[in-house]
Amino acid sequence: MKKNLHEIVINALEEVKAQDIVSINVQELTGIMDTMVVASGNSSRQVKSLANNVVVDGKKAGFSLIGVEGDDVGEWVLVDFGAVIIHIMLPATRVFYDLEKLWSLRPDDRPINADEETLMNSTPGLDQ
């Protein structure tokens, strides 16, 4: 019986002592992936090691790797297996980008009376 990719990813992260592992089901938000996993490592070296372990275990189980980004620096490494995308970051990077909050917002979470123009005018950096 073939293990599911999500389970393999979580086990691979736990083996190398990833911190604060969070899985987010994003099927209703995007057609690009089904699940996003976010985890932290205590150092660039650990972040790289976590990503490598995920890649090795995923491939060993027969899943096709689409790509890995950021493994040269190790501040934020993205591992893309298609249906499951894994973000492994240093704690400060994770707090700064706050992917869990970003990907948990639903379209209905915006203010009731807000329209697109109001949102554009109140969001710094968005030009009309």
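The values are calculated or read from the model by the stated rules, or taken from the named source; none is laboratory data. All of these numbers come straight from a predicted model, not from anything done at the bench. Here Cβ is always computed from backbone atoms with ideal geometry, including for glycine, and neighbour counts include all displayed protein chains.
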Fill in the blank from the handout: The number of residues in the range 24-47 that are among the hydroxyl-bearing types (Ser, Thr, Tyr) and either closer than 17 Å to residue 74 by Cβ or at pLDDT 85 or above (or both) is 3
Completion exercise
Per the filter on the range 53-65, residues in contact (Cβ under 8 Å) with a residue 12 or more places away in the chain and either over 17 Å from the mean Cα position of the chain (by Cα) or within 21 Å of residue 92 (Cα to Cα) (or both) are 56, 57, 61, 62, 63, 64
